[in-house]
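Below is the structure I would like to discuss, written out as structure tokens.
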Amino acid sequence: MLTVVRFFESEEAAQGAVASLTDLEFRAEDITTLSSGDGDAAAVIDKAIRSGVVPGQYRKVCTDALASGHSLVAIEPPFGRGDLAKRVMAKAGAVGTENLPEYIPYNPSPLSDFLGIPTLVSYKHSFNIRQLSDFSLSGSIGFGELSKKPTPLSSMVGMKTLTTPKPGRKSSFGMPLLSKGSTPLSSMIGMKMLTTPKPNRRSSFGFPLLSNNKTPLSSLFNFPLLSKRNR
């Protein structure tokens, strides 16, 4: 929503502006008033910014206004009624409007506001890009972000697991988990390999396995080299 902030000479004038707004069916829960009597001006404005009542870029001008004895009215009007709220507060005696910096709002639900549909959740804090790093899908639906349980869902609903891993096991379905054999499956079912590597074999398909020849294929077929590397 577009937050509209206006200053008034006294707390009575601010309350008069609030009354005019509620008479035009602006919701009281969308309106906040702050005055110099609420405490230290800087602390009051900082708290209002943290709660999303006052935009952060209004920090200095709002602090100065409260410190000088003015009262403040902030309203989050429904979509399309911001100009009306400004006119009502101007007529009620708003002052120092020219001191407010330009405000670019962040509205997460413009369509809902326009149609008058209430949003499912209300979040009034200002958006901060650092909040993205705090988001967790698991945490948002009630699961812990980190779990030491190997079966968190079964544990949560009280279901028994189908199998219980045995500590120190070395096989699964009759097969070793770790094997040094080069042909574990063939060895397990007693099948012979199609070929048996010969010890100290030095060639394969007529090619030497290890060769000092830089052009073994050309040498095999007696092809001339396209170029010779100069040393």
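The values are calculated or read from the model by the stated rules, or taken from the named source; none is laboratory data. Treat the numbers as computed from the prediction; the structure is a model and nothing was measured. Note that each Cβ is placed from the backbone with ideal geometry, even for glycine, and that neighbours are counted across all protein chains shown.
Can you work out which of the residues in segment 66-103 that are at pLDDT 90 or above and β-branched (Val, Ile, Thr) is nearest to residue 6 (Cα to Cα)?
Residue satisfying both the conditions and the ranking: 73.
When you check residue 219 against the structure, is it surrounded by 10 or more Cβ atoms within 10 Å (Cβ to Cβ) and either at pLDDT below 70 or of a type outside the set (Lys, Arg) (or both), yes or no?
Yes: the conditions hold for residue 219.
So if I check each of 2, 21, which one is outside any strand (DSSP E or B) and at pLDDT 95 or above? Write out each step before concluding.
Details: 2 fails: at pLDDT 95 or above.
None of the other options fit; the residue is 21.
Of (1) assigned to a helix (DSSP H, G or I); (2) within 17 Å of residue 97 (Cβ to Cβ), residue 73 satisfies all except one. Which?
Residue 73 satisfies every listed condition except (1).
Determine if segment 33-47 includes at least one residue that is closer than 12 Å to residue 3 by Cβ, crowded, with 21+ Cβ neighbours inside 10 Å, in contact with a helix residue (DSSP H, G or I) (Cβ under 9 Å, 6 or more places away or on another chain) and not hydroxyl-bearing (Ser, Thr, Tyr). Explain how you work it out, then say what you get.
Within segment 33-47, the subset closer than 12 Å to residue 3 by Cβ is none.
The answer is no; no qualifying residue exists.
Considering only segment 48-64, state which residues are surrounded by fewer than 15 Cβ atoms within 10 Å (Cβ to Cβ) and over 17 Å from residue 100 (Cβ atoms).
Those that are surrounded by fewer than 15 Cβ atoms within 10 Å (Cβ to Cβ) and over 17 Å from residue 100 (Cβ atoms): 50, 51.
Follow-up. Could you go through segment 12-30 and let me know if any residue there is surrounded by fewer than 21 Cβ atoms within 10 Å (Cβ to Cβ) and touching an Asp or Glu at 6+ places or on another chain (Cβ under 8 Å).
Scanning segment 12-30 turns up at least one residue that is surrounded by fewer than 21 Cβ atoms within 10 Å (Cβ to Cβ) and touching an Asp or Glu at 6+ places or on another chain (Cβ under 8 Å).
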